[in-house]
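Notes follow the structure.
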Amino acid sequence: MLDGITLVTGATGAQGGSVARRLLASRQKVRALTRRANSRAGCLLREQGAEVIAGDLADVGALARAMNGCRRVFGVTSFWEHFGTETVHGKNLVDAAREAHVEHLVLSTLPSSRRLSGGTISVPHFESKAEIEQYARASDVPTTFTHLAFYFENFLDYFVPEPDEHGLLHFGFPQGDTPLAGLAVEEAGAVVEALFRERGRFLGKVVGVVSEELRGDQYAYLLGQALGREVRYDHIPAEVYAELPFPGADDLAAMFDLNRRFVLTRADDIALTRSLHPTMATFSTWARAQRPRFEDVIAKRTKRD
Ligand SMILES: NC(=O)c1ccc[n+]([C@@H]2O[C@H](COP(=O)([O-])OP(=O)(O)OC[C@H]3O[C@@H](n4cnc5c(N)ncnc54)[C@H](OP(=O)(O)O)[C@@H]3O)[C@@H](O)[C@H]2O)c1
């Protein structure tokens, strides 16, 4: 049992939601931060036993008040909603944690793409989180950093397999044949809970949260097995992907290019993650459990076309 209250930011979203649900399931006291305390997600968290409070990551005073009386904080920032402002939000989390004398901040960040690539690739949503990480390291706030891999759940929104004219399902990104590290983000909460429990061991450390790493064709094969339909992976060159008509396509293209050329394996992260959460779902287990959701999103795409 972890004593005291844990503030979970992003509690209505993927990472924070997973942390909040996991801590509540372990009968921990959770204070959940959201901008809209009476939204459907906020009400659901309240029903599940969380204390739900309104606050914005842009407001450092509100964050410090939210952390008042909390021993631990899970912090996550949203690049895709705020882009450049994400860095300010992350620094606010660190400043508020210092002001509230929080004993342990677990902060979701990512490595510097420039450092990993010897200065050749810059991925904005990695750089902003690397800057937050550097800021936290320079502070005296006791912090652990989590680096989550690609969510398997992305196959249900950003990378839904689309049928071609023969009915074969395809998805694609600029990953070539390099394995792509992934995890079911719903399970990240179990790893974060383990980090809170083993605070001393992980202070100042980076924990890569990864379930397994698979090539694109392996994801396709396993998804096909789960759906009972053939699924194919197509490598899309980064320069082609970067020109796709949606905001952030160039950022994602750079991220895959970084992974393809400079992150050849995350075997050590897989071993550590599995030691902290031995029953973490593999892609195959996760995809089989998600079959109804896949059928639903694929049917919607098929109708739309
Ligand atoms: N997708 C991936 O594969 C992947 C992998 C690794 C890392 N990431 C990183 O994960 C981050 C996003 O995390 P997620 O997937 O958990 O996000 P998400 O599901 O989109 O949810 C975003 C959460 O942030 C909260 N939020 C946003 N702006 C806020 C603000 N100004 N003040 C207070 N709360 C705010 C939202 O709460 P309310 O709306 O209720 O206020 C919501 O709970 C991104 O920065 C991304 O780069 C993603």
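The values are calculated or read from the model by the stated rules, or taken from the named source; none is laboratory data. Predicted, not measured: the structure shown is a model, and the values here were computed from it. Counting neighbours? That spans all protein chains shown, and the Cβs are built from the backbone with ideal geometry, glycine included. Ligands, DNA and RNA are excluded from the accessible area calculation, which covers all protein heavy atoms including side chains. Shrake-Rupley method; radii C 1.70, N 1.55, O 1.52, S 1.80 Å.
Could you list the residues of region 274-305 with an amide nitrogen less than 20 Å from a label point located 7 Å from the Cα of residue 164 in the Cα-to-C-beta direction?
In region 274-305, the label zone of residue 164 (backbone N under 20 Å from the point 7 Å along Cα→Cβ) covers 298-299, 301-305.
Can you give me the angle between helix 188-197 and the longest principal axis of the chain, using Cα atoms only, in degrees from 0 to 90, rounded to the nearest 10?
30 degrees
Taking 0.36 nm per residue of separation and subtracting the Cα-Cα distance, what length does fully extending residue 265 through residue 80 add?
Answer, rounded to one decimal: 64.0 nm.
Considering every Cα-Cα pair within the chain, what fraction, in whole percent, is farther apart than 24 Å?
On the way: 24915 of 46360 pairs.
The proportion of pairs with Cα distances above 24 Å equals 54 percent.
Tell me, what is the percent relative contact order of the chain, built from C-alpha pairs under 8 Å that lie six or more residues apart? Could the numbers behind the result be given before it?
Working: 596 pairs, mean separation 50.6, N = 305.
Worked out over the chain, it gives 17 percent.
Provide the gained length on full extension for the span residue 244 to residue 203, in nm with one decimal, where the gain is 0.36 nm per separating residue minus the Cα-Cα distance.
Full extension of this stretch gives 10.7 nm more.
Calculate, in nm to one decimal, what residue 225 and residue 44 gain on full extension: separation in residues at 0.36 nm each, minus their alpha carbon distance.
Taking residue 225 through residue 44 to full extension adds about 61.8 nm, to one decimal.
Could you work out the local net charge near residue 232, counting Lys and Arg as +1, Asp and Glu as -1, over the other residues with Cβ closer than 10 Å to its Cβ?
-4
Between residue 114 and residue 295, what is the label-to-label distance in nm when each label sits 7 Å out along the Cα-to-Cβ direction?
5.0 nm
Hey, got the dipole for region 192-289? About the Cα centre, +1 on K and R Cβ, -1 on D and E Cβ, debye to the nearest 20?
Rounded to the nearest 20 debye, it is 540 debye.
If DNA, RNA and ligands are ignored and the probe is 1.4 Å, what is the ranking of 262, 283 by accessible area, most exposed first?
If we order 262, 283 from most to least accessible, we get 262, 283.
Based solely on C-alpha atoms, express the radius of gyration and the Dmax of region 1-148 in angstrom.
15.0, 48
To the nearest Å, what is the center-to-center distance of region 240-287 and region 129-185, using C-alpha atoms only?
Cα centres, region 240-287 to region 129-185: 4 Å.
Mind listing the phi-derived Karplus ³J(HN,Hα) values for region 13-24, rounded to whole Hz, using 6.51, -1.76 and 1.60 with θ = phi - 60°, and x for any glycine or proline?
Using θ = phi - 60°, the values come out as x, 5, 6, x, x, 5, 5, 4, 5, 5, 5, 5 Hz.
Could you tell me which residue out of 149, 19, 284 lies farthest along the dipole of the chain toward its positive end? Charges go on the beta carbon: Lys and Arg +1, Asp and Glu -1, centred on the Cα centre.
Toward the positive end, the furthest listed residue is 19.
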